[in-house]
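The values are calculated or read from the model by the stated rules, or taken from the named source; none is laboratory data. Not measured: the values here are computed from a predicted model. Positions of Cβ are backbone-derived with ideal geometry, glycine not excepted, and every protein chain shown enters the neighbour counts. Protein only, heavy atoms only, side chains kept; ligands, DNA and RNA dropped before computing areas. Shrake-Rupley method; radii C 1.70, N 1.55, O 1.52, S 1.80 Å.
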Amino acid sequence: MSGVAQAPRPHRLAEGGVIYLAMLGLFLLTAGVAVGVAWRALSSSERVAYARVDALAQMARTGAAIHAERVVEAVLSFQALVQSQLVSLSGRLTAPSAAFDAYLRATIQGRPELVDLVVFDAASTPVWSAGAVAGSQARGTVTACWDHLGGADDVQIGRPRRAAPLQQPVICLRSALLNTAGDVVGYAAIVYDAEQISARLREAQAGLAGVATLLRSDGAILARSENPRLHVGAVVPRGSVEAMAEMEGLRRTSSPIDSRPLHVAWRRIPGAPMIVGVGIDPTPLLAQVAKRRRMVMWMLAVGIAAMMAAFMAAAVFLDRRRGVAERDRVQESLERDEAEHNRLLSTFVPQPSATYHGIVDGDGWVFDHEVTPDMIRITGGTDLPVMPGGPAARRAFFRRVTECGEHVREYRLRMPDGSGLWIRERCRIAAQLSPGEVEVVGVVTDIEEERRMRAKTEAGARLTVLGQMAASIAHEMSQPLAAISLAAEIGLTHLKLPADVPKVQRYMESIVRQVERMRDIANHLRTFSRTDDGPLDEVRLEDVVQGAMDVVGAGLRKDGVSVEIAEMDDLPPVQGRLVPLEQVLVNLLVNARDAMAQLAESQRRVSISVERSDDADWLTIHVRDNGPGLPEAIVQHAFEPFFTTKPSGQGTGLGLSIAYGTILGFGGEIALGNRPTGGAEVAIRLRLAYAPQTAVPESGLHTGAALPSRGRVEIGHIG
């Protein structure tokens, strides 16, 4: 019965929809006719606006041309003055008198648009300059007088340049000096500040939107009302100059610089190869027309809005139930999210930290340092914690801060009660006090819990790597097994003959050697899979490389990857732990193998080399592959946890993240980049192990006596 009762409802909704659509269609038809009539009326106002813009462009062109003609007149006046004073009756160019020199220098001081007045001989060599005494004013202005355009009877214009020292744009206009025979004996030139001329062009625009430009006839921009420092000296397209071949004219075009629409009115300046053009942007006037059009359309839209309001009211009523249900669902979801957020906040326990600040010199000595009271809660002492290696390690840490601006190190600290604590110390420069002293601030953080979590993650990652290499390990073990089987079979055969006992002995010795080889492989894999979270030790890099190759070498050979290892016999040990360093190197070799999977086997090459730093405190391991390299976006995120470029199921995204944390915990650095010749490169920088004589016995907490201000401080040991 419920189905029968609800059946008429869709039918009524369909009828209402037809009615609404019919009313809407009738209204739209009426509105369309009204809009068409209004649009036709407004189109005439658009034509009027275009005609007005043309008139404004011509008016502004007249004002700009007046300024350009004044520039030409000033050059001709200066030429006439120099002609009368410096060209002798014999037709030679003479040096100006002291009075004439002073007059010209006074003239340029009173006119900011004039940068320099220059007189050239017939070979265009400057013989006098008003800015020569000022020095800074003259530098760079003479070079603006080269590359002139124009005939000997015209005012010639040089290519715009930038004058030192302020790199201001300047232009040079010159006119020839003639003797009585009509021969050229020199030139009188005026170097103008292009920005000042641009300001005059801007005044000619009278506040109209657009741009005024002064051009050489070859298209080089001499002055421009907008951004002259940026555009002076640029060359407009040849087509724009060719379109202004007539003496004057008007055309509607677009700006060759920013492509905005312009109504351009131009005029060529008589007696000089110059074109002045003023382009007025019709957009503001057209915007007014568009505004009136929008007003009419808005009035028409009001009626449509009324009908649409009624239509939407019905739709809102019909969707009310669904809207209420959706709001309830969203509210419930928000409440669940807030409860989860509060739960996470309640379980979050921040890592205990303490801060310090002080002054450090270039040798790593610390002065006037202060430690917050939280330090005793973390380390059990009231001073800076002592790093493994004693005061020498502390000084080396601060030296690293002064060299790089910031440094981070993780180390194991023994508390006064005999227990151990892992801490992370981060220090950075706060201010440069003098060339040899900096103010530093540091944070000491308890990372014991973080280290435990990291150890679990590293153990899981090691097992993941071992699982990936299972097939390769089986291949490595199959070789000694095959040798044992063959030697055993041959030995059994020779046991039947008494004379073959020596041969049987050799085969038995071969079996023993192969068994020892299998035992070494198994022992190293067992060591590699164990968690190594002990204190820092002296580690030889040749042992690290050999151990990593024992684990992954067979897999690399199986996949056609050749590994080139540099000589490492005479290298000093570094501070770290053997197994984590092996794991880092194994991860890098596996990543290099995967990166070269698409290459031919003859091209799959990896190199391992070690570089000794100039300061003799570091060793740098370089692992380079011959693959395609990494995009910059991937390099920036490579050390982030769970970031991987491998297909799903082939990578955990933890290898480089664990390597980063491991090397950082050893007080070292790790960097990833691309080689210029192709392929990726990883550089691991490790500190050399401290000499035994620098260590301080672990005999408890020692603090030095109070020292005078600015005295050198050696931080005591926490035993």
Sole exception among (1) at pLDDT below 85; (2) open to solvent by 10 Å² or more (accessible area, probe 1.4 Å) for A163, by number: (2)
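Every residue, every condition in (1) at pLDDT below 85; (2) open to solvent by 30 Å² or more (accessible area, probe 1.4 Å); (3) assigned to a helix (DSSP H, G or I); (4) of a type in the set (V, I, T), yes or no:
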position	(1), (2), (3), (4)
M59	no, yes, yes, no
G63	no, no, yes, no
R70	no, yes, yes, no
V75	no, no, yes, yes
S90	yes, yes, no, no
message: Filter segment 558-601 down to the residues that are open to solvent by 30 Å² or more (accessible area, probe 1.4 Å), polar (S, T, N, Q) and touching a strand residue (DSSP E or B) at 6+ places or on another chain (Cβ under 9 Å) and list them by number.
response: S562, N591
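State yes or no: is A206 surrounded by fewer than 17 Cβ atoms within 10 Å (Cβ to Cβ), of a type in the set (G, A, S) and without any contact (Cβ under 8 Å) to a residue 40 or more places away in the chain?
Details: surrounded by fewer than 17 Cβ atoms within 10 Å (Cβ to Cβ): yes; of a type in the set (G, A, S): yes; without any contact (Cβ under 8 Å) to a residue 40 or more places away in the chain: no.
No.
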- line: Within segment 140-160, residues open to solvent by less than 20 Å² (accessible area, probe 1.4 Å), in a loop (DSSP other than H, G, I, E, B) and modelled with pLDDT of 80 or more come out as V155, G158, P160
query: What residue, among those in segment 659-702 that are farther than 26 Å from A548 by Cα and at pLDDT 80 or above, is least open to solvent (accessible area, probe 1.4 Å)?
result: T677
query: Any idea which of (1) under 50 Å from the mean Cα position of the chain (by Cα); (2) in contact (Cβ under 8 Å) with a residue 24 or more places away in the chain is the one A51 doesn't satisfy?
result: (2)
task: Of the conditions (1) surrounded by fewer than 19 Cβ atoms within 10 Å (Cβ to Cβ); (2) closer than 19 Å to V72 by Cα; (3) within 51 Å of the chain's Cα centre (by Cα), L178 clears all except one; give me its number.
output: (3)
message: Could you check segment 198-234 and list, in sequence order, the residues that are within 19 Å of I157 (Cα to Cα), of a type in the set (A, V, I, L, M) and touching a helix residue (DSSP H, G or I) at 6+ places or on another chain (Cβ under 8 Å)?
response: L201, A212, L214, L215, I221, L222, A223, V232
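Tell me, which residue of segment 429-441 that is over 14 Å from R399 (Cβ atoms) and in contact (Cβ under 8 Å) with a residue 24 or more places away in the chain is most open to solvent (accessible area, probe 1.4 Å)?
As a first pass, look at segment 429-441 and keep what is over 14 Å from R399 (Cβ atoms): 430-435, 439, 441.
Pick out the ones that are also in contact (Cβ under 8 Å) with a residue 24 or more places away in the chain and you get 430, 433, 439, 441.
Working: A430: 63, L433: 89, E439: 63, V441: 58 Å².
Among those residues, the one meeting the criterion is L433.
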query: Which of (1) among the hydrophobic types (A, V, I, L, M, F, W, C); (2) open to solvent by less than 10 Å² (accessible area, probe 1.4 Å); (3) at pLDDT below 85 does I221 not meet, given it meets every other one?
result: (3)
- prompt: Of everything in segment 235-272 that's open to solvent by 60 Å² or more (accessible area, probe 1.4 Å) and in a helix (DSSP H, G or I), which residue is farthest from R159 (Cα to Cα)?
  reply: E242
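Does any residue of segment 627-640 turn out to be part of a strand (DSSP E or B), charged (D, E, K, R) and either at pLDDT 70 or above or surrounded by fewer than 19 Cβ atoms within 10 Å (Cβ to Cβ) (or both)?
Taking segment 627-640 first, the residues part of a strand (DSSP E or B) are none.
Taking every residue of segment 627-640 in turn, none turns out to be part of a strand (DSSP E or B), charged (D, E, K, R) and either at pLDDT 70 or above or surrounded by fewer than 19 Cβ atoms within 10 Å (Cβ to Cβ) (or both).
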query: Could you give every pair whose Cβ atoms fall below 7 Å, whose first residue belongs to segment 59-87 and is under 19 Å from L117 (Cβ atoms), and whose second residue is assigned to a helix (DSSP H, G or I) and among the aliphatic types (A, V, I, L, M), counting only separations of at least 6 or pairs across chains?
result: V71/I197
task: For segment 611-624, indicate whether the set of residues that are among the charged types (D, E, K, R), at pLDDT 65 or above, on the phi < 0 side of the Ramachandran plot and part of a helix (DSSP H, G or I) is non-empty.
output: no
